[in-house]
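Undergrad: Please see the structure below; I have some questions.
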Amino acid sequence: MLFTECTLEDLDKRLKLKPLLLDEMPILQNWLNGATEISISDHERNYLLTLQGYLQGNVSAWNEQELAMHFIGPVFALVQFSYEKKLNLFATRPISGVVDGIEMNGRPDGMIATGYREPDKPYFCFQEYKKDKDPNATAQALAAMLVAQELNEHQFPIYGCCVRGRHWYFMALQGKEYAISDGYAATKNEIYDILRILKVLKQMLIERVKYLN
């Protein structure tokens, strides 16, 4: 099954997944709530305002690649997810795995994984850069997260994010349970929350890498 073929309804039924509300999934709550303690420098704030202005003027016209190039990529670059050549941000790398007997594969638009030149174990799966009208972007992100969970032998929760136009939806998966946040609008002041949430993610993933080493 290709990630691009997935819908949430199909994944829920075939894999017996259990979608939860945000307040029913502490690991997602803790991730998002941790952002309230994160500071943003003047440099970061000014850079975000520049990116935001560009987004506001173009988001309705950009295709997926343009949205990724002009906005999403620069936001992730601001966080700098590389860590001691043990953790890195990768784009459109193929991953595959067997989830409950179903072979699943695809090329997520982005993932954070252990490794330096090549991804090894993916931990953050994955930004699907879609326009607002695409209803299945979240399902494609979840499908990649399910494969990542198998590649990690179910040792850890898997985190993810789906970007649809101006809206960012953060996700968490543990076992058969998953939850998706409300959308954070990057064209509003929530852009600062997005950066803070990504900074918390970086801290969590670095701690995971340290634990495994």
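What follows is calculated from the coordinates using simple rules that are stated; it is not laboratory data. Since the model is a prediction, treat every value here as computed from it, not as a measurement. Positions of Cβ are generated from backbone atoms using ideal geometry, with glycine treated the same way; all protein chains shown enter the neighbour counts.
Undergrad: Jot down the per residue volume, in cubic angstrom and as a whole number, of the convex hull over the alpha-carbon atoms of segment 1-52.
TA: Hull volume over Cα atoms, normalised by residue count, gives 149 Å³.
Undergrad: Sticking with this one: Loop sites only, by DSSP: take the GluC sites (Glu not before Pro) in the chain that have at most 13 other C-beta atoms within 10 Å and name the longest stretch containing none of them. Could the numbers behind the result be given before it?
TA: Numbers: sites that count: Glu84, Glu153.
Answer from the scan: 1-83.
Undergrad: Put +1 on the Cβ of each Lys and Arg and -1 on the Cβ of each Asp and Glu in the chain; which of His167, Gln65, Val147 then has its Cα farthest toward the positive end of the dipole?
TA: The residue sitting farthest along the positive end of the dipole is Gln65.
Undergrad: Can you give the local net charge around Lys85? Use residues other than it whose beta-carbon is closer than 15 angstrom to its beta-carbon, Lys and Arg +1, Asp and Glu -1. Intermediate values should be presented prior to the final figure.
TA: On the way: positive: Lys86, Arg117, Lys121, Lys210; negative: Glu84, Glu118, Asp120.
Taking every other residue near Lys85 into account, the sum is +1.
Undergrad: Another one. Under the rule of -39500 (n - 2.57) per DSSP H run of 4 or more residues, summed and divided by the residues of the chain, what mean residue ellipticity at 222 nm is obtained, to the nearest 500 deg cm²/dmol?
TA: Values: 7 runs with 82 residues, N = 213.
It lands at -12000 deg cm²/dmol.
Undergrad: Which loop chymotrypsin sites (Phe, Trp or Tyr not before Pro) in segment 102-186, with loop taken from DSSP, have no more than 15 other Cβ atoms within 10 angstrom of their Cβ? Mind dumping the intermediate values first?
TA: Numbers: sites: Tyr116, Tyr123, Phe124, Phe126, Tyr129, Tyr159, Trp168, Tyr169, Phe170, Tyr178, Tyr184; in loops: Tyr116.
Those that pass, being in a loop and sparsely packed, are Tyr116.
Undergrad: Given axes a ≥ b ≥ c from the Cα gyration tensor, I'd like to know whether segment 95-213 is rounded (a/c under 1.5), prolate (a/b larger than b/c) or oblate.
TA: Taking the square roots of the gyration eigenvalues as a ≥ b ≥ c, segment 95-213 is oblate.
Undergrad: Take every DSSP beta bridge with both residues inside segment 74-213 and express the antiparallel ones as a percent of the total, to the nearest 5.
TA: Of the beta bridges lying entirely in segment 74-213, close to 85 percent run antiparallel.
Undergrad: Still on this model: Using only the alpha carbons of segment 3-212, what is the convex hull's orientation-averaged projected area in square nanometres?
TA: Approximately 10.9 nm², given one-decimal rounding.
Undergrad: Additional query: log10 I(q)/I(0), Debye, Cα-only segment 1-122, no solvent, q = 0.12, 0.18, 0.22 Å⁻¹?
TA: Log10 of I(q)/I(0), two decimals: -0.70, -1.34, -1.28.
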